[in-house]
1. Starting from 0.36 nm per residue, how many nanometres of slack lie between residue 145 and residue 101 once their C-alpha separation is accounted for?
2. For 63, 142, 256, which order do you get if you count the other beta carbons within 10 Å of each Cβ and list the fewest first?
3. What does a probe at residue 179 reach in region 210-232, counting residues whose amide N is under 19 Å from the point 7 Å along Cα→Cβ?
4. Restricting things to Cα coordinates, could you compute the convex hull volume per residue of region 93-179 in Å³?
5. Among 109, 90, 119, which comes first, second and so on when ranked by fewest other beta-carbon atoms within 10 Å?
6. Give the percent of DSSP beta bridges with both residues in region 49-133 that are antiparallel, rounded to the nearest 5.
7. How do 214, 52, 234 line up, fewest other C-beta atoms within 10 Å first?
8. Quick one: length gained pulling residue 67 to residue 245 fully straight, 0.36 nm per residue minus the C-alpha distance?
């Protein structure tokens, strides 16, 4: 990898002032095009400020994904960048996407759909994260030659490599672990729960489990499993063979890793210990800021003394007593009839 072709901006020449409409599912004729080595971006001209940063970074992101997945290259991908979910639906071939979706990978046709705003048309989407998420789905499809993998692995891999909402997912995962509401991994192989909160837990578990596999068994594990699946092997047996453990044992070790991170939280939140810790932290912050303030004032006093010394030295070097105005010596006065007059 590492090959880069110059990014080329291809602007449509508009022969009419009104934007011409395309058939449903096609890119409007007035949309513009921006090409990179592996991606062809189509977008409305008003979105150029959002699209250009994506195009500048996308090849490096692709390199990172390919390294994890174990592929050397992929075929070109078209990225249709819509201003909102309604426009995204209009440029999607076939059935419209779910109304809440802001990204979609159409792997057979090698098209990625991306909306720059959420379903409320007011909140900008994290476009780079969503784009990388869909790229991961496309790359995984290539690596496995279209053979299926469990939903938890496919979604977990995309979320893990895109870095979407990392802190939010950790909070959701911590809450589920502390309350004993983690979902069995076997439940997440083909579908996610319909409940909104459980869906968030499912996504958080999937991403964390994939990260755990990569960290625990080495970065080559993910690439090895996908390669074997691409050659016709069954996913779970391949994973178990590489890890040397059953799927149940893998899940148990993953849950144990969560306990290491989260078992201290109940002891803090269950009593006065939490407030002691908070008080200690606040005191530490107070004294640190106080020390920083003293350091700043000391520095200011030192700098002021240095400037004053420099000014005094300059004055002694350049001061000329004769330059001070004095009363003129040629003035004189006379007294006449009891009055004093000054002669000029």
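1. Details: separation 44, 0.36 × 44 = 15.84 nm, distance 2.52 nm.
Separation in residues times 0.36 nm, less the Cα-Cα distance, equals 13.3 nm.
2. Working: 63 14, 142 18, 256 9.
Fewest-to-most Cβ neighbours within 10 Å comes out as 256, 63, 142.
3. none
4. Hull volume over Cα atoms, normalised by residue count, gives 126 Å³.
5. 109, 119, 90
6. Expressed as a percentage, antiparallel bridges in region 49-133 total about 50.
7. 234, 52, 214
8. My answer for the length gained is 61.6 nm.
Each value in this text was obtained by applying a stated rule to the coordinates, not by laboratory testing. These numbers were taken from a predicted model, which means no experiment stands behind them. We place every Cβ from the backbone using ideal geometry, glycine too, and count neighbours over all the protein chains shown.
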